[in-house]
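Data first, discussion second: the structure below is written as structure tokens.
The values are calculated or read from the model by the stated rules, or taken from the named source; none is laboratory data. In this text, all values refer to a predicted model and were calculated from it rather than measured experimentally. For neighbour counting, all protein chains shown are included, and Cβ atoms are generated from backbone atoms with ideal geometry for every residue, glycine included.
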Amino acid sequence: MTDRADLSALLEDLTPELGPIETTTKGDALEWSAGGVTFAELTDVGVELRLDPAIAAAASHTPDTELSTRGPEWIRFHPRTLDDHAIDRLEAWFALAVRRANQQGGRP
């Protein structure tokens, strides 16, 4: 499985280009929020992302991805390797999650 530090570094590299994003530590987890809405959490078992429920359902059928126990809009991504395909999916889902959080928080 991909190292948590690798996932964290990749996500932190994305945040400056996606607008105002807050990163906080919550216990052993690292959380990201935008517009006051939490949209991602990184733990030792992978990264969970809050997407549109239809996108989350489709994403759950891709490698190393499953629906989260948080609800139908959340997926858990735990790539075995951080290859180009895994990075592409994570970057796209993270950007979608930011956009959705901003919309729900009242930001454009």
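Among the residues of the range 63-108 satisfying the criterion of being among the hydroxyl-bearing types (Ser, Thr, Tyr) and part of a loop (DSSP other than H, G, I, E, B), which is farthest from Leu14 (Cα to Cα)?
At the first step, the residues of the range 63-108 found to be among the hydroxyl-bearing types (Ser, Thr, Tyr) are 65, 68-69, 81.
Filter once more, so that each one left must be part of a loop (DSSP other than H, G, I, E, B): 68-69, 81.
Numbers: Ser68: 22, Thr69: 25, Thr81: 19 Å.
Filtering first and then ranking leaves Thr69.
Which residue pairs have Cβ atoms closer than 6 Å, lie 6 or more positions apart in sequence or on different chains, and pair a first residue in the range 77-106 that is touching a residue at least 24 places away in the same chain (Cβ under 8 Å) and within 17 Å of Ala57 (Cα to Cα) with a second residue that is of a type in the set (Asp, Glu) and not in a helix (DSSP H, G or I)?
Within 6 Å, the pairs are His78/Asp64.
Output the number of the condition that Ala57 fails; it satisfies all remaining conditions of (1) of a type outside the set (Phe, Trp, Tyr); (2) at pLDDT below 90; (3) surrounded by fewer than 17 Cβ atoms within 10 Å (Cβ to Cβ).
(2)
List pairs: first residue in the range 10-35 and over 12 Å from Val98 (Cα atoms) and among the hydrophobic types (A, V, I, L, M, F, W, C), second residue surrounded by 13 or more Cβ atoms within 10 Å (Cβ to Cβ) and at pLDDT below 90 anywhere in the structure, Cβ distance under 6 angstrom, at least six positions apart or on different chains.
none
Hey, among the residues in the range 36-49 that are within 12 Å of the chain's Cα centre (by Cα) and of a type outside the set (Gly, Ala, Ser), which one's farthest from Gln103 (Cα to Cα)? Working first, answer last.
The first filter runs over the range 36-49 and keeps only residues within 12 Å of the chain's Cα centre (by Cα), leaving 38-43, 46-49.
Going one step further and asking which of them are of a type outside the set (Gly, Ala, Ser), we end up with 38-39, 41-43, 47-49.
On the way: Thr38: 12, Phe39: 12, Glu41: 19, Leu42: 22, Thr43: 25, Val47: 21, Glu48: 19, Leu49: 15 Å.
Checked the range 36-49; the qualifying residue farthest from Gln103 (Cα to Cα) is Thr43.
Give just the number: which of (1) surrounded by 19 or more Cβ atoms within 10 Å (Cβ to Cβ); (2) out of contact with any Lys or Arg (no Cβ under 6 Å at 6 or more places or on another chain); (3) of a type in the set (Gly, Ala, Ser) does Gly35 not satisfy?
(2)
With respect to Thr25, is the statement that it is of a type in the set (Val, Ile, Thr) and loosely packed, with under 14 Cβ neighbours inside 10 Å true?
Yes, satisfied.
Consider Thr25 against the criteria (1) in contact with a Ser or Thr (Cβ under 8 Å, 6 or more places away or on another chain); (2) part of a strand (DSSP E or B); (3) among the polar types (S, T, N, Q): it satisfies all of them except one. Which criterion is unmet?
(1)
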